[in-house]
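The values are calculated or read from the model by the stated rules, or taken from the named source; none is laboratory data. For clarity, every value in this text was computed on a predicted model and none was experimentally measured. Backbone-built Cβ (ideal geometry, glycine too); neighbour counts: all protein chains shown. When the accessible area is computed, the model is the full protein with side chains, heavy atoms only, and any ligands, DNA or RNA have been set aside. Shrake-Rupley method; radii C 1.70, N 1.55, O 1.52, S 1.80 Å.
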Amino acid sequence: MESPYEIRRATTTAELTAAQHLYDGPAREEWAARFLAAPGHLMLIAYAAGAPVGFVSGIEMLHPDKGGEMCLYQLAVAGEHRRRGVGRALVDALAAVARDRGCYDMWVGVDTDNDPALATYRSAGARDDGPFSMLTWRWSRA
């Protein structure tokens, strides 16, 4: 059976802003443009009937002694499309990009009580590296 979902890399600000209903807040045109212009930043969007129903964003990070690794920055799927394999397909697609770019691994930070995200990532082959602390410096947004 053919999947009703198509996954494509976003290459325009229009594609990024069209998916803003999946984000935590509204997209800003200038931030979308900066995202697209930033080396290593990418977003894959899942479409059903031409409409965005999910996305995964990633950031390829480089270090002199490690090479490249992919950070899965955020994953979201519209409520009515959850538990249909969209999240898993998006994670798999980002992993394929990471492998194509020569990244040695891919990682994601997940809240320990986010059972749906943990299940999605584990089903895509991720393993738990154990607990860690995330410390944040916060500044106001421009």
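Restricting attention to the stretch 78-89, and to residues there that are open to solvent by 60 Å² or more (accessible area, probe 1.4 Å) and not in a loop (DSSP other than H, G, I, E, B), which single residue is farthest from Arg127 (Cα to Cα)?
Out of the qualifying residues, it is Glu80.
Out of everything in the stretch 101-124 that is without any contact (Cβ under 8 Å) to a residue 12 or more places away in the chain, open to solvent by 50 Å² or more (accessible area, probe 1.4 Å) and not in a helix (DSSP H, G or I), what residue ends up being nearest to Leu62 (Cα to Cα)?
Across the stretch 101-124, the extreme among qualifying residues is Asp111.
Among the numbered criteria (1) out of contact with any strand residue (DSSP E or B) (no Cβ under 6 Å at 6 or more places or on another chain); (2) outside any helix (DSSP H, G or I); (3) open to solvent by less than 100 Å² (accessible area, probe 1.4 Å), which single criterion is violated by Asp92?
(2)
Across the stretch 31-77, what is the number of residues that are part of a strand (DSSP E or B), out of contact with any Ser or Thr (no Cβ under 7 Å at 6 or more places or on another chain) and of a type in the set (Phe, Trp, Tyr)?
Residues flagged as part of a strand (DSSP E or B), out of contact with any Ser or Thr (no Cβ under 7 Å at 6 or more places or on another chain) and of a type in the set (Phe, Trp, Tyr) within the stretch 31-77 amount to 2.
May I ask you to say which residue of Gly67, Gly58 is small (Gly, Ala, Ser), closer than 23 Å to Gly125 by Cβ and under 15 Å from the mean Cα position of the chain (by Cα)?
Checking each option against the conditions leaves just Gly58.
If you check Leu72 against the conditions, is it open to solvent by less than 30 Å² (accessible area, probe 1.4 Å), modelled with pLDDT of 95 or more and either more than 17 Å from the chain's Cα centre (by Cα) or closer than 23 Å to Ala14 by Cα (or both)?
yes
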